[in-house]
Amino acid sequence: MVNDARTSDIPNVEQWIVDAQDTIKQVQESCGRFLKNTDSLLHQIQTKKAKVNDASSSQVSVEHEPGLRASRFSPRWYNEYLHLEYSIKKDAVFCFVCLLFHNAPSKEKADPSWISTIVRKWHKMKSVGKNKQGKLAQHFSSQSHKASLAAYCHYLKMTKHVDIQLDKAKRAAQIQEAEDLECNRKIIHILLDIARTLARQALPFSGDSNEEGNFYQLVLLSQNEFIALLEAELREKVVEEVKSAGMFSVMANTTPDEEHSDRLSVVLRYVNDAGKPTERLIDARETVDKTRLGQTKDILSYLR
C-alpha cells in the first residue's frame, strides 16, 4: 500500500498515511479487546467444565457400574410388594403383616428373618427366571405370609365397624375375645404336649376308673381327639420312613382282648436312614375272619 501510495496520484499522501495509521491502530485495538474477551470467556468455560467433571466423578453413579449392581434396596419393590418395609437404620427389609401377626396359624414354618432378624441379601431379592424365585417372591407367596395377611384383613374388618369404634364396652369385649382366643390356642398346645408325652413314655391315658387316668388327672378333659391327631401325624411319619427305606417286612399276630374278641396287630420292620433296625406298630383292630385269606385282606387294608 505504501509503494502504491508513492506511485499513485494521491493529492495529499501525508494525510492518507495518517488516516491509514489511525485505521490500523483502531483495528489493532479491536483485535486486542477481542483476544482479551475470548481469553476470559475460554477460562470461564474451562472452569465450569472442570467442576462438572469433578461432580460427575464423585456424586453421579453409573447405572451399570459393577460395584453397585444389585447391591442396595430398590424403592420400586414397594409397588410390587405392598406390605414390604425398609429400615434405613438397619439397612434391611421386613414384612409388615408378619411382624404384627407373627402368631397367626400356619406360622410354624415361617422364616424368622422377615420378623426379627435381618434380610439384606439384595442380589438374591429378585427372581431369576421361572425356576429360581427370589427371596421377595418366596416370602410373599408362602403359606405363613398368607396366614398373617388373612389375620391382618380380619383385624381390619372387625375394627372398622362403627358401633365398635363408638362403643367402649364393645371394643373392650372384642379385645377380651381376642385374648381368650389366644389363651385357648395355648391350652390346645398344652394338651397336645401332654398327650404326646404320655404316648412317648408309653404311659396309660386311663386308669382303673374314669377319674384315675393320667391324662384326666392332668387336664380333666377328654383326650380322644388329641390322640387321633397324634395318631395321624405319627402314621404319616412312619409311612415316610418306610418309603425312604425301600424294603420292609410285615409281622402280624392275633390276641384276644378283655371281651374275648380277636385283635389283629400289624407291625412293620425296616431299617431307617440312620441304619438302625426299627419296628413300628401300624394298627391293632378287631378281626372276624380268622382264615388266611381273611387275615391277608385285613393286613393289606392296614397297609393301604
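Every number in this text was worked out from the coordinates using simple rules, so none of it is lab data. Predicted, not measured: the structure shown is a model, and the values here were computed from it. All Cβ positions, glycine included, derive from the backbone under ideal geometry; neighbour counts span all protein chains shown.
Taking the Cβ of each residue in 146, 157 as the centre, tally the other Cβ atoms inside 10 Å and list the residues starting with the fewest.
Values: 146 14, 157 9.
Result, fewest neighbours first: 157, 146.
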Exercise for review: Quick one: P(r) of the range 76-156 from all Cα-Cα pairs, 5 Å bins, percents rounded to integers, in order of increasing distance.
Suggested key: 3, 15, 26, 26, 18, 9, 2, 0
Check your understanding: If you stretched the chain out fully between residue 51 and residue 126, how much longer would it get, using 0.36 nm times the residue separation minus the C-alpha to C-alpha distance?
Key -> 23.2 nm
**Study point:** Per-pair calculated FRET efficiency, R0 = 41 Å: residue 77 and residue 201 via Cβ, rounded to 0.05
**Key:** 0.25
Review point. What FRET efficiency comes out for the pair residue 91/residue 146, r = Cβ-Cβ distance, R0 = 22 Å, nearest 0.05?
Key: 0.20
Review point. Which of 89/135; 51/89; 90/132 have a Cα-Cα distance over 23 Å?
Key: 51/89; 90/132
